[in-house]
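The values are calculated or read from the model by the stated rules, or taken from the named source; none is laboratory data. Keep in mind that this is a model prediction, so the values were computed, not measured. A quick note on method: Cβ atoms are made from the backbone with ideal geometry, for glycine too, and the neighbour counts reach across all protein chains shown. All accessible areas refer to the heavy atoms of the entire protein, side chains included, with ligands and DNA or RNA removed. Shrake-Rupley method; radii C 1.70, N 1.55, O 1.52, S 1.80 Å.
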Amino acid sequence: MPDPISMRIGHPSVRVKANWAQFEGADLADQLISVIGAGSIGQQVIGFIGKTPGFSISRILTKNGTPDTADTELFFTEPAGLFIETAGPSALRKFGARALAVAELWTVSASALADDSFRQQLIEVGNKHGNVLRLFSPWIPGIGHDKKNPSHRLHIRQSGPQIGDNWAGSLREAVLQFPDDLNSATAAALCGPGIDATSIELIDTGPSGAYRFEAVLSTKFGRFESCAEFMAGSSDIHPTAAAIESALRNERRTIQYG
């Protein structure tokens, strides 16, 4: 069975009707989605799902119960064909296996998967239940275009405001010190050449600097260089929320890219 960790959609999500009174009007054809977290990313994703035909919210799980519930049992009792985790690495560790046993899981918290034993646990759950774990955000071209090879290397230069001290070294070492800053880098490494084949530079750009994500992926298939830059405070939408929204749109498109 294929490795369930993927940058792309694997098994199709089940489409069922919600029982939650707020969404009793959901169409039977709607894809029901439950969301973990309602912070800057989660709020935007929830808003998008709520206004987009073809999708409906099942439940929203947060620590304080706003805007829906803090009751884990209630959250997992309601039917869902897709879970989207937006609450950070600790939330993925706490709820990832349970969600993946039920349906496909999308997460913004790939740095938690740098823990080999935890990653293996989720792989086993995904394989057992036929569900895919999708990692965000897919900023780097070439990831997954060639089978893994010991000679493949990925180098990432990530800069942004309030990172702290500049740092350079292996991703495995970096993720222990900066777990909340390396989710996209870890996602690329896991779906590409691997954590131990990935090196990283972290650069603090100051309180008003831009977020910049540069990468060089070297494989036997080819060399891929890329750069993504996001100005702090220049957009009403979080870049990772935008990536999730794009992936949801593609669920409904006949013609897709890549």
Among the residues of segment 75-119, how many are of a type in the set (D, E, K, R) and touching a residue at least 40 places away in the same chain (Cβ under 8 Å)?
4
Within segment 221-236, can you find the residues that are at pLDDT below 90 and surrounded by 15 or more Cβ atoms within 10 Å (Cβ to Cβ)?
Phe230, Ala232
Per the filter on segment 147-176, residues open to solvent by 50 Å² or more (accessible area, probe 1.4 Å), at pLDDT below 95 and either among the basic types (Lys, Arg) or within 20 Å of the chain's Cα centre (by Cα) (or both) are Lys147, Lys148, Leu176
Residue that is nearest to Ala247 (Cα to Cα) [pool: residues in segment 110-143 that are among the polar types (S, T, N, Q) and not in a helix (DSSP H, G or I)]:
Ser137
Would you call Ile9 modelled with pLDDT of 95 or more and either out of contact with any Leu (no Cβ under 8 Å at 6 or more places or on another chain) or crowded, with 21+ Cβ neighbours inside 10 Å (or both)?
no
Residues satisfying the stated conditions in segment 23-52, i.e. among the aromatic types (Phe, Trp, Tyr) and either open to solvent by less than 40 Å² (accessible area, probe 1.4 Å) or modelled with pLDDT of 95 or more (or both):
Phe48
Considering only residues of segment 86-141 that are aromatic (Phe, Trp, Tyr) and surrounded by 19 or more Cβ atoms within 10 Å (Cβ to Cβ), which is modelled with the lowest pLDDT?
Trp139
Pair list, Cβ < 7 Å and 6+ apart or interchain, from segment 196-220 residues that are over 11 Å from His152 (Cα atoms) and open to solvent by 60 Å² or more (accessible area, probe 1.4 Å) to residues that are polar (S, T, N, Q) and part of a loop (DSSP other than H, G, I, E, B):
Pro207/Gln162
Within segment 43-54, is even one residue part of a loop (DSSP other than H, G, I, E, B), under 21 Å from Ile244 (Cα atoms) and among the polar types (S, T, N, Q)?
yes
Just one of the numbered conditions (1) out of contact with any helix residue (DSSP H, G or I) (no Cβ under 8 Å at 6 or more places or on another chain); (2) open to solvent by 10 Å² or more (accessible area, probe 1.4 Å) is not true of Gly144; which one?
(1)
Suppose we filter segment 177-194 for residues that are open to solvent by 10 Å² or more (accessible area, probe 1.4 Å), in contact with a helix residue (DSSP H, G or I) (Cβ under 7 Å, 6 or more places away or on another chain) and closer than 8 Å to Ala110 by Cβ; how many remain?
2
The lone condition Gly144 fails out of (1) within 27 Å of Arg223 (Cα to Cα); (2) at pLDDT 90 or above is (2)
Would you confirm whether or not segment 68-76 contains a residue that is open to solvent by 10 Å² or more (accessible area, probe 1.4 Å), over 18 Å from Arg249 (Cβ atoms) and at pLDDT below 95?
no
Which one is nearest to Glu251 (Cα to Cα) among residues in segment 53-65 that are at pLDDT 95 or above and of a type outside the set (A, V, I, L, M, F, W, C)?
Ser56
